[in-house]
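The values are calculated or read from the model by the stated rules, or taken from the named source; none is laboratory data. On a predicted model such as this, the values are computed, not experimentally measured, just so you know. Glycine also receives a Cβ, built like all others from the backbone with ideal geometry; neighbour counts cover every protein chain displayed. Protein only, heavy atoms only, side chains kept; ligands, DNA and RNA dropped before computing areas. Shrake-Rupley method; radii C 1.70, N 1.55, O 1.52, S 1.80 Å.
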Amino acid sequence: MEGGNKQTRIFLWSWPRSISTAVEKCLSFIDGVQTWHEPYTVAQLKDFITGAENEAEDSPGAAMIKQYLQTMLSIGQQTNEFSDGKFMPISFFDYPFVKSSLEEEEPGKKYILIKDMAAAVHDHYDALPDVPTRHTFIIRHPYRFLLSQRRNFLRMLQYQGDPKEFDLFQASPVLMEKYYQIDAMYLLWKHVKETGKDPNPLIFDAEDIMNYPDKILPKYLSGLGIPFDEKYLTWDASEEIIKTWKGALEQVIMGKHGGVFDKAFKSSCFLPNTHSTPQREDLTPDLLRVVDNLMAGYEEMYENRIKPE
């Protein structure tokens, strides 16, 4: 299938809690874009669910995932704000479906934007589309995104115990500690470069685009061959553009109502982040298990990022 497809496919890879959904919404207003929202993450979730169904009924991990699935499916069966959009049932999604879907043409579109989590494709590089693609990465200091992720799960799970004793990876039915231990984002960056899938993948930092959007966004789009327009620095705060996205309906609804996507869905511009970088002593034992495995990759990618100056 190589060579016959003229539409530009652009991956935006991230870790959770790195403002990637706000960037995704911003980029969705570029003329001629079709956006896919986290299709590999949904395929990975389906794998977790299949694994849970094969585990013993009394397995805590399996029970958590089954409860998560039941909640997700019940939400998806109800009429909701995205029912009349392009989202599809989660039952469609597995890795072969995602690959073949992303290889298809999008009539009337110039660009296909796929925003996803790097960890979701780590064990499935063969599921990346066999058509020319650009790979881009939004990075964030591990202290920042890990602490944000932990706070988010404390809130979503309505944890009532001592917050210091909360273990992010044991408490979440879908987070896999192993992807943090190996730094799936860094490995994907190296993979696309070394295999020639994208010899020059673009990187930008979350804090940079929040604080200097007028400098980062033009450079990012220029690197992709997309003309920049000042209008891209602000966008409609409504959720109408979300209805044009493709992805799994149940996942996007649960993410919004669970507080994962709601702020980004309502965004209309990038707001400066004036908070200083957390310190190591701010990290809890669960985060300390993984953070050192993430720092070297982050620092190397940070040096290779698009810079504001």
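Taking all C-alpha pairs of segment 151-193, those more than 12 Å from each other amount to 66 percent. In a reduced charge model with +1 at each Lys and Arg Cβ and -1 at each Asp and Glu Cβ, segment 220-309 shows a dipole moment near 280 debye about its Cα centre. Taking the Cα centre of segment 71-219 as origin and assigning +1 to Lys and Arg Cβ atoms and -1 to Asp and Glu Cβ atoms, the resulting dipole is close to 440 debye. Its DSSP H runs of at least 4 residues, each contributing -39,500 (n - 2.57), put the calculated 222 nm mean residue ellipticity of the chain at -13000 deg cm²/dmol, to the nearest 500.
Put simply, the C-alpha atoms of segment 172-219 give a gyration tensor, and the ellipsoid matching it has half-axes of 25, 19, 7 Å, longest first. Using the alpha-carbon positions of segment 260-309, Rg (one decimal) and Dmax (whole number) come out as 14.9, 37 Å. In the full protein context, the chain carries 45 Å² of accessible surface per residue, based on a 1.4 Å probe and ignoring ligands, DNA and RNA. All Cα-Cα distances of segment 217-309, cut into 5 Å bins from zero to the largest, leave 2, 9, 11, 14, 16, 20, 18, 9, 2, 0 percent in each bin in turn.
For segment 96-144, the ratio of Cα radius of gyration to the globular rule of thumb 2.2 N^0.38 Å stands at 1.35. Here the simple spin-label model places points 7 Å from the Cα toward Cβ, and for residue 237 and residue 50 these points are separated by 4.3 nm. Projected onto its three principal axes, the C-alpha set of segment 156-240 covers 50, 39, 25 Å, listed from the longest axis down.
Counting DSSP beta bridges in the chain, what percent are antiparallel, to the nearest 5? Bridges in the chain are about 5 percent antiparallel.
Look at the dipole of segment 228-309 built from charges on Cβ: of 276, 287, 235, the Cα furthest out on the positive end belongs to 235.
Amide H contacts of residue 10: 112, 113, 114, 134, each under 5 Å away and 5 or more positions distant or on a separate chain (H built 1.01 Å from N in the peptide plane; Pro and chain starts excluded). As a rough guide to protection, the peptides 278-285, 220-227, 90-97 ranked by mean Cβ packing within 10 Å, highest first, stand as 90-97, 220-227, 278-285. For segment 111-184, pairs of C-alpha atoms spaced more than 14 angstrom apart make up 70 percent of the total. Take 151-160, 12-21, 177-186, 286-295 and order them by the average number of nearby Cβ atoms within 10 Å per residue, most first; the result is 12-21, 177-186, 286-295, 151-160. Cβ-Cβ distance of residue 219 and residue 94, R₀ of 41 Å, FRET efficiency by 1/(1 + (r/R0)^6): the value works out to about 0.70. Give me the tail of P(r) for the chain as a percent: Cα-Cα pairs with distance above 34 Å. Within the chain, distances greater than 34 Å cover 18 percent of Cα pairs. In this structure, residue 187 and residue 167 have a Cβ-Cβ separation that, at R0 = 30 Å, corresponds to a calculated FRET efficiency of about 0.80.
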